[in-house]
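Input: a single structure, listed below in structure tokens.
Throughout, read-outs are computed from the coordinates displayed, never taken from laboratory work. The shown structure was predicted, so the numbers you read here are calculated from the model rather than taken from an experiment. Don't worry about glycine lacking a Cβ; one is built from the backbone with ideal geometry, like all the others, and counts go over all protein chains shown.
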Amino acid sequence: MKWHEILVRYGEITTKGRNRNQFINRLRDNIKATFKDLDDMKIRLERDRMYIRSSSDEEMEQLIQRLPDVFGIQSFSPVAECPTDLDAMKALGKEIVSTLDYAGKSFKVNVKRSFKRFPLETYELNRELASYVLTELPGMTVEMKNPDIELRVEVREEATYMMVDIIPGAAGLPVGSNGKALLLLSGGIDSPVAAYLMMKRGVTVEAIHFFSPPFTSDQSLGKVKELCQIISKFGGKVKLHVIPFTEIQQTIQQAVPKNVTMTTTRRLMMKISDIVRSETKCKALVTGENLGQVASQTLDSLAAINAVTNTPILRPLITYDKLEIIDIAQKIGTYETSIVPFEDCCTVFTPANPKTKPRVEKMEYYESFTDFDEMIAKAVRNREIHTFPKKEVVSDFDDLL
Amino acid sequence: MIYLDHSATTKPSAEVMHTFIQANERYYANPASLHEMGVSVNNLLNRSREQVAGLIHTTPEHVIFTSGGSESNNFLIKGLARANTHRGKHIVVSSIEHASVLETARALEHEGFTVDYVNVDRHGVVDLEDLKAKLTKDTVVVSIMHVNNEMGAIQPIAQIAQIVRDNSRAFYHVDAVQSFGKLPIQFNDDLGPDAISISGHKINGLKGTGIAALRKRTTIEPIIHGGGQEMGLRSGTVAVPQDVALAKAARIAIENQRERAVKYAAWRNDIHAFLEPMEDVHVLSSNDGAPHIVSCSIRGLKGEVIVNAMQRAGVIVSTSSACHSKDNQISHVVQAIGVPDDFARGVIRMSFGEGLTDADIETFKQAFAQVVKQVRGEIKTHEMA
């Protein structure tokens, strides 16, 4: 099927009042960034919809495949084109319907005739096209209200445009239209899903990861980078801040009782994240925390960890079941990477019996004997920053294979 | 020398050698190791496996790297038979299979399996009615090759798969050692076989490399027990450089498959047209067979004599099968297709591969014509060039 262009219907943004243009422009920029690899893509904006085209069939195919991942799109339809001539229209109508699984479906043709000098009236053209398609592709019934398949035809002087398929988009809001937040990214299953859900609500995500070599390997950091690469396909750049965390983590083991090392670790991570957040002008922190999943995720623990900052800490997964989270992770393509088994900084130092109900005052008391501030400042200063999506590194392997 | 024995083995291509050497120099770590060198080698192994799976349209977890065609045949036939005895203990093979299939079936007889052999016609194509008659409700494995290695007959594997599926619960295994890279073979439709064997050294890859591939998740017994490499089916430290080299050879073989088949078929037809009018020459291969194999016999002569005479004329041909070329017996394939007695010992095979030219084929024809004259006493040996 030769597609001519793609009609994109906006999602929730059509309801926005004066910000409307901002949202639409943001969507356009995100689409441009997502499809940077397409040379011939052109975007045309209209009030209620957007048109994307490329002269290359291959690029159109790429667009149809990847547009469902872009937030802020309600749905889209590939549009085909033919000369404004009855025989050509019939042929195209048949071809385009035959791309669908049409047998047993209800059908209708919906003609719009902007080119008023076309010899057939709208209803005549409707009938001509419908009867041709129905005869050529047997097995469909006619249904005027809510047909399964609606062949939309727009007759203009220069050409006639047709579409039939409505492909659902990712909905949500264009990434970046709702500010920026800093995500604590561990490399597990949950945090990439949290990133995805924030992006869906239009938030640009930066990520922070705590790296404790040699207790955690370069491979586990590689895995985190790979996750950033994957989530960056849902819109916009993802910056990753890698915090050298070994010294702090070892100090914690000496400084506080064994059963609260985890709580202190999480509190210090939150403190460091908050400093990076303010330096990067993010408005909130995001975690993949989920109520009751592990010891650090009881309400008491969350409260003790939360006590180090007044910044809003958003936890999009707080009420999700593990299986629901895994479902999303599989859908967005992060699951396989997340489950690759490498030690991360949370698992290496896990105490045998972590306290599930730590108290804030106790925690502050335990931590008061050590001066962590200097170490924290140093860790923040020495962080490494990576930006995703990275251009696909031409693999050394390609030459071998 | 003009090498016309590519069905025995081929010369590894420069690309394959490059890959093998580079992989040995840079990716020699053990893919099962945790450290980054091991992880990197494991990634390379995974990429190789994905590449092979893509070429034959199965999924990577169903591609097992082996040491070659014989091991793949042993593994798939024994592995499927032993792991599925609840379906029965009956095996069906054609009478013209490679020794690694026939001997495997015979070995399974010692474990209580019974084996039936399907007849072939005089062109070497299996008799489908006979196949149907030999399938029973206890048949567990059917092994019928794609292209016969001695005289190039092509078996209708799609029809065989259909018959096996309609008339038994057996797995259908195809020895595709001679066909891979020459004729399409894959798993991507319902007409495909359940398991196939591929060899690296027949496709300008390395000796000691092969693939055993399954269409889908299937119960099968491991061929080597141990540390659980190759999905637990073939333990032992994985020979990653060999496997990468094989993935490369397989890619190149499939990429040029069509052009190669067209070129070889033209040579084959040309040689057939040249041989058929000759007195005292019997042609075993046909224009319907594999594009790269020509087989013929000279009345009353031993194959070995023709091989020697051709070699003196600068052309390397072989007796019908390299595996048995030294033990001077009439090959089981020659017997099965019913070659007349006075031709049965003189069967030789010419098989095409990379690097041959039209001129080489002409040289072969001249040399062969001379050899025929010589052995019939029309010219004296010392007069030969």
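Assorted remarks:
- Rounded to the nearest 0.05, the FRET efficiency derived from the C-beta distance between A:Glu61 and B:Met17 at R0 = 45 Å is 0.75.
- Computed extension length for A:Ala171-A:Tyr51: 41.5 nm, one decimal, from 0.36 nm per residue of separation with the Cα-Cα distance subtracted.
- If R0 is taken as 41 Å, the Cβ-Cβ distance between A:Asn310 and B:Leu34 corresponds to a FRET efficiency of 0.45.
- Measuring between their Cα centroids, the range A:234-259 and the range A:113-129 lie 68 Å from each other.
- Antiparallel bridge percentage (DSSP; both residues within the protein assembly as shown; nearest 5): 55 percent
- Taking B:Ser199, A:Ser301 and counting other C-beta atoms within 10 Å, the order from fewest to most: A:Ser301, B:Ser199
- Contour minus Cα-Cα distance for B:Gln311 and B:Leu191 (0.36 nm per residue): 38.9 nm
- Compactness of the range A:90-141 as Cα Rg over 2.2 N^0.38 Å, two decimals: 1.18
- Max mean-square fluctuation residue, GNM over chain A, Cα-Cα springs under 10 Å, options A:Glu59, A:Glu289, A:Glu361: A:Glu361
- Taking every residue in B:98-111 and counting other chain Cβ atoms within 10 Å of its Cβ, the average works out to 0.
- Relative contact order (percent, whole number), the range A:24-100, Cα cutoff 8 Å, 6+ residue spacing: 18 percent
- Within chain B, percent of DSSP bridges classed antiparallel, to nearest 5: 50 percent
- Residue pairs, from the table B:Lys78/B:Lys248; A:Lys200/A:Lys233; A:Lys225/A:Lys391, whose Cα atoms sit over 20 Å apart: B:Lys78/B:Lys248
- Beta bridges by DSSP in chain A, antiparallel share as percent, to the nearest 5: 55 percent
- J(HN,Hα) series, the range B:260-269, from Karplus relation 6.51 cos²θ - 1.76 cosθ + 1.60, nearest Hz, glycine and proline x: 4, 4, 5, 5, 5, 4, 5, 5, 4, 5
- The range B:1-95: C-alpha gyration tensor shape, a/c 1.5 cut-off, then a/b vs b/c: oblate
- When only Cα pairs below 8 angstrom with a gap of at least 6 residues are kept, chain B shows a relative contact order of 22 percent.
- The residues A:Lys258, A:Lys233, when put in order of fewest to most other Cβ atoms within 10 Å, stand as A:Lys258, A:Lys233.
- Degrees between helix A:190-200 axis and first principal axis of chain A (Cα, 0 to 90, nearest 10): 40 degrees
- Farthest toward the positive end of the dipole of chain B, out of B:Gly124, B:Val334, B:Val39, is the Cα of B:Val39, where the dipole comes from beta carbon charges about the Cα centre.
- Look at the alpha carbon pairs under 8 Å that are at least 6 residues apart: their mean separation over the length of the range B:133-275 gives a relative contact order of 18 percent.
- Helix B:358-375 vs. chain B, principal-axis angle (Cα, 0 to 90°, nearest 10): 50 degrees
- With Cα atoms, 0 to 90° folded angle of helix A:86-98 axis to chain A main axis: 40 degrees
- Share of pairwise Cα separations in the protein assembly as shown, more than 42 Å, in percent: 53 percent
- The ranking of B:Ser286, A:Ser278, B:Ser179 from fewest to most other beta carbons within 10 Å of each one's beta carbon is A:Ser278, B:Ser286, B:Ser179.
- The value obtained for the range A:28-101, namely the Cα convex hull volume divided by the number of residues, is 124 Å³ per residue.
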